[in-house]
Structure formats: C-alpha cells, structure tokens
Amino acid sequence: MSHLGLTDFEFEKKLSDCTLDPSIFSHEAHLRLAWIHIEKYGVEKAVNNVKALIRQYVKALDAEDKYNETVTVASVRAVNHFIKKSKTRNFNQFIKENKQLAHNLKGLLSSHYKTNIFESVTAKKQFIAPDLEPFN
C-alpha cells in the first residue's frame with residue numbers, strides 16, 4: 001500500500017494517531033503532509049504543524065534520531081514555493097508537475113545551503129536558516 005491509497009483525511013489522521021504504517025511514510029508522504037497543511041493553514045502554520053506531527057510520529061516509533069528539523073522546515077518551504085507556481089490543487093498532479101521535489105530535494109536545497117543539512121547534528125536538532133539563498 002502507498003500513502004496515495006489514503007484520502008488526505010485518512011492519511012493525516014493515521015499520522016496524528018501514530019497508526020500510519022512506517023513503510024508508507026516515504027519522502028513523498030512527507031511532501032504530501034506539507035502540501036495538505038499549506039493548503040489548509042498557510043505556510044507559517046504548516047511549518048509548525050508538520051514539525052509537531054512528525055516529531056510525535058517518530059517519537060511513537062522510537063525513531064527520533066531520524067528527525068531533522070532543518071530538512072523538515074526547508075521541505076515545507078520548498079513545497080510552498082512550488083505551490084505558488086502550480087495551477088493544481090490536487091497533490092497527485094502537483095507532485096507530477098514538480099518531480100524535482102520528489103526526486104531531487106537535496107539538489108534543490110543545495111542552492112540554499114552550503115552546509116550539508118542532511119548530515120549536520122545541529123540541523124537535526126534546530127532549524128538552520130539558509131546561508132546561500134533565502135526561501136521565498
């Protein structure tokens with residue numbers, strides 16, 4: 001099964017209840033969570049919601065070492081950037097239009113960071129602002 005087999009409501013509910021099968025909480029599922037929350041609440045509230053939901057979820061899975069605050073925030077901001085350019089309000093279509101989000105997030109974020117935020121211990125624990133190009 002894929003996260004795409006769930007409605008947005010089911011996906012978000014299972015994640016918030018910590019009953020979502022970890023095998024379907026892929027990178028694309030992270031992007032979907034960001035997309036859902038940006039669409040519902042706007043980017044600033046989405047950042048806070050997504051951080052809280054993922055922290056709660058990884059804690060329930062005893063996988064807190066996998067959480068990365070900077071990558072989480074940067075991903076939400078990247079999704080928001082592409083939402084502003086998109087004409088669709090459907091995640092499946094959105095991700096098809098913006099394949100670089102799903103397949104080259106590291107490359108996208110490298111234009112914002114000199115630091116390897118994927119490996120940085122500091123970046124895992126707290127948000128590090130971009131040191132090359134700010135998010136818009």
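Each reported figure results from applying straightforward, stated rules to the coordinates on display, with no laboratory input. Values in this document were obtained by computation on a predicted structure and should not be read as measured data. Positions of Cβ are generated from backbone atoms using ideal geometry, with glycine treated the same way; all protein chains shown enter the neighbour counts.
Quick look at the values:
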{"read-out": "Estimated translational D of region 30-69 in µm²/s (Stokes, Kirkwood radius over Cα pairs; 37 °C; 0.692 mPa s)", "value": "318 µm²/s"}
{"read-out": "Given charges at beta-carbon only (K, R positive; D, E negative), |dipole| of the chain in Debye", "value": "380 debye"}
{"read-out": "Whole-Hz couplings from phi, Karplus 6.51/-1.76/1.60, listed for region 30-43; x for Gly and Pro", "value": "4, 5, 4, 4, 4, 4, 4, 6, 5, 4, 7, 10, x, 5"}
{"read-out": "Residue 44 versus residue 90: modelled label distance in nm, points set 7 Å from Cα along the beta carbon direction", "value": "3.3 nm"}
{"read-out": "Calculated from backbone phi, Karplus (6.51, -1.76, 1.60) coupling profile of region 4-19 in Hz, x at Gly/Pro", "value": "6, x, 10, 5, 4, 4, 4, 4, 5, 5, 5, 5, 5, 7, 6, 10"}
{"read-out": "Distance between modelled label sites at residue 13 and residue 67, nm, 7 Å Cα→Cβ extension", "value": "2.5 nm"}
{"read-out": "Nearby aspartates and glutamates by direct alpha-carbon distance to residue 59 (threshold 15 angstrom, same-chain neighbours under 8 apart not counted)", "value": "17, 21, 69"}
{"read-out": "Cα centroid separation, region 99-136 to region 36-95 (Å)", "value": "14 Å"}
{"read-out": "Residue pairs, from the table 13/96; 87/125; 45/114; 87/114; 14/114; 40/114, whose Cα atoms sit over 29 Å apart", "value": "87/125; 87/114; 14/114; 40/114"}
{"read-out": "Cβ-defined net charge surrounding residue 19, 12 Å radius [Lys, Arg +1; Asp, Glu -1]", "value": "-2"}
{"read-out": "Within the chain, longest stretch clear of exposed trypsin sites (Lys or Arg not before Pro) (DSSP loop, no more than 13 other Cβ within 10 Å)", "value": "1-86"}
{"read-out": "Alpha-carbon gyration tensor eigenvalues x 5, square-rooted, for the chain, Å", "value": "22, 19, 13"}
{"read-out": "Residue 120/residue 27 FRET efficiency (R0 22 Å; Cβ-Cβ; nearest 0.05)", "value": "0.75"}
